[in-house]
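Engineer: Here's a structure for you.
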Amino acid sequence: MTKCIFFGVTGILLSSIALATEIIPAKKVMHYWVDGSAGLSLSGLSFCDGKLLTVSDKESEEVYTIKLEGMRAKLEPYLKLSGLRVPKKDKPKNFWHFILDLTRPAAAMDFEGISCTDNTIYILSERYNRIAEVDREGKGRWLENLWSTTARAQGYMQGYNLSGVGLVKVGDDFWVALERDPRGLVKLGPKGSVQTYTPPPVTGLDFRGESENLAGLDYYDGALFTLEPNAYAVCRRELPSLKAEWCLDYRAFEESSELEYEATQIGGKGDGLVVGEQGIFIVFDNDNISRAQDPQDRRALLLHLSLPEDDQ
């Protein structure tokens, strides 16, 4: 009987060890200061037709491309958006929406996420909790997917401007990252279904007293990738369980004297994420804050990391 208990406990402990998520120090391939990005607060990333696309949460009329040439990166207009009028608001409209309406023009969409599938671009408006579908000429239309009523009823999106900040289309479904307090993921089905999830915690992932948050999302090689800025981490998560298989810790780069911003608690945090054969790219929304090494430089940072399997 004692042996049975011993081996049973040992088996549980070994299973826990085997299932523990590996926290891997990130390896940098390259970093870029993106020319032409000052003041735009770049907020999302996606590969599309071989190009690296991004959006701004300050500029609602353009989709941009980041061109990489050697050791330099340059932001250029990619598509001029048209047809996106102010959408009908999701219900219920609360006090925080009222404050937001007072402080920003109605046409300020606050784009936070971008995803590209089959050369169709999808953009997430944090302000209106809506997804826009954009064709190759830049003409956009709002999709019918609504999620804020369901998310709020389940305890998400309770504060000011705490809405969707990451977007990826996986098959027929959209995944939206809800930022923080609490953070969550929303899965939007093709027939209007709305499911909310709390990402399973990762032992050893340290948010260092800050809110456990989410930002960019991407899908690659059968897994969902989550950018978790206050933990300085990118995690590969299984679907549908959302259990983290591994997480890359890039804190050493963000806090290095070479790359840090002057006030990282306000700006200079990872925001957009894209993952592919080339590796992992993170764009930092510096909210027009200067680099610590150069107070005159307010460009966004693009960080290129290698995938763990590429290091083996």
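The values are calculated or read from the model by the stated rules, or taken from the named source; none is laboratory data. In this text the structure is predicted, and so the values were computed from the model without any measurement. Please note: Cβ atoms are built from the backbone with ideal geometry, for glycine as well, and neighbour counts cover all protein chains shown.
Engineer: Looking at this structure, is Lys191 assigned to a strand (DSSP E or B) and surrounded by fewer than 20 Cβ atoms within 10 Å (Cβ to Cβ)? Lay out the reasoning, then the answer.
Structural biologist: Numbers: assigned to a strand (DSSP E or B): no; surrounded by fewer than 20 Cβ atoms within 10 Å (Cβ to Cβ): yes.
Against the criterion (assigned to a strand (DSSP E or B) and surrounded by fewer than 20 Cβ atoms within 10 Å (Cβ to Cβ)), Lys191 does not qualify.
Engineer: If we keep just the residues of the range 147-168 that are assigned to a loop (DSSP other than H, G, I, E, B) and out of contact with any Leu (no Cβ under 9 Å at 6 or more places or on another chain), which is surrounded by the most Cβ atoms within 10 Å (Cβ to Cβ)?
Structural biologist: Going through the range 147-168, the residues assigned to a loop (DSSP other than H, G, I, E, B) turn out to be 147, 154-163.
Still in the running and out of contact with any Leu (no Cβ under 9 Å at 6 or more places or on another chain): 154-155, 158-159.
Details: Gln154: 14, Gly155: 12, Gln158: 12, Gly159: 10.
Looking at the filtered set, the residue picked out is Gln154.
Engineer: Report yes if Ala233 is more than 25 Å from Trp142 (Cα to Cα), at pLDDT 95 or above and in contact with an Asp or Glu (Cβ under 6 Å, 6 or more places away or on another chain), otherwise no. Don't jump to the end; show me each part of the working.
Structural biologist: Numbers: more than 25 Å from Trp142 (Cα to Cα): yes; at pLDDT 95 or above: yes; in contact with an Asp or Glu (Cβ under 6 Å, 6 or more places away or on another chain): yes.
In short, yes.
Engineer: Could I ask something else about it? Counting only residues that are farther than 14 Å from Ile114 by Cα and without any contact (Cβ under 8 Å) to a residue 60 or more places away in the chain, how many does the range 37-58 have?
Structural biologist: Number satisfying all stated conditions: 2.
Engineer: A further question on this structure: Filter the range 201-224 down to residues that are at pLDDT 95 or above and exposed (fewer than 13 other Cβ atoms within 10 Å of the Cβ) and give me whichever is nearest to Leu242 (Cα to Cα).
Structural biologist: Gly222
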